[in-house]
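**Q** Could you have a look at this structure, given as structure tokens, before my questions?
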Amino acid sequence: RAYHPWPLTYLEIDGNVIKVLSVSKDYSHGVDDELIPPGEIVHVHKGDVGIKTLDGRLYLKIIQPSGRNPMAMKDYMNGAGKSVFVVGKRIK
């Protein structure tokens, strides 16, 4: 149990449950960020997915879709991710 990664973060988007294993944080704000509610996808570009937070943006790096192995966000976006992560969608 010493090597069990705890606590974990999960996202739910369009009924897909995705385990988040690694992220990076950007504290800078975009031009219209004060108009966007937290939890909304604000950036998708070549495997980079940015989610609006209260004090900046969170970028997903390594995820694990349900029933699959952990993978880099870039690899997921080359496959099924293009239809799951779309700018303007809300994450639960």
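All of the numbers you see were taken from the coordinates with simple rules; none came from a lab. It should be emphasised that the depicted structure is a prediction, and the values quoted were computed from it without experimental measurement. Cβ: placed from backbone, ideal geometry, glycine included. Neighbour counts: every protein chain shown.
**Q** What size of dipole, in debye to the nearest 20, comes out for the chain about its Cα centre when the only charges are +1 on Lys and Arg C-beta atoms and -1 on Asp and Glu C-beta atoms?
**A** 440 debye
**Q** Still on this structure, I have one more. At q = 0.13, 0.21, 0.22 Å⁻¹, work out log10 I(q)/I(0) for the chain with the Debye formula, treating every Cα as an identical point scatterer and leaving solvent out; two decimals please.
**A** Evaluating at q = 0.13, 0.21, 0.22 Å⁻¹ gives log10 I(q)/I(0) of -0.42, -1.05, -1.14.
**Q** Which of the listed residues, Tyr59, Pro7, Pro38, is farthest toward the dipole's positive end in the range 1-91, when Lys, Arg count +1 and Asp, Glu count -1 at the beta-carbon?
**A** Farthest along the dipole direction, towards plus: Pro7.
**Q** Let me ask something additional. Kindly rank 14-24, 71-81 from highest to lowest mean number of other beta carbons found within 10 Å of each residue.
**A** So the peptides 14-24, 71-81, ranked by packing, come out 71-81, 14-24.
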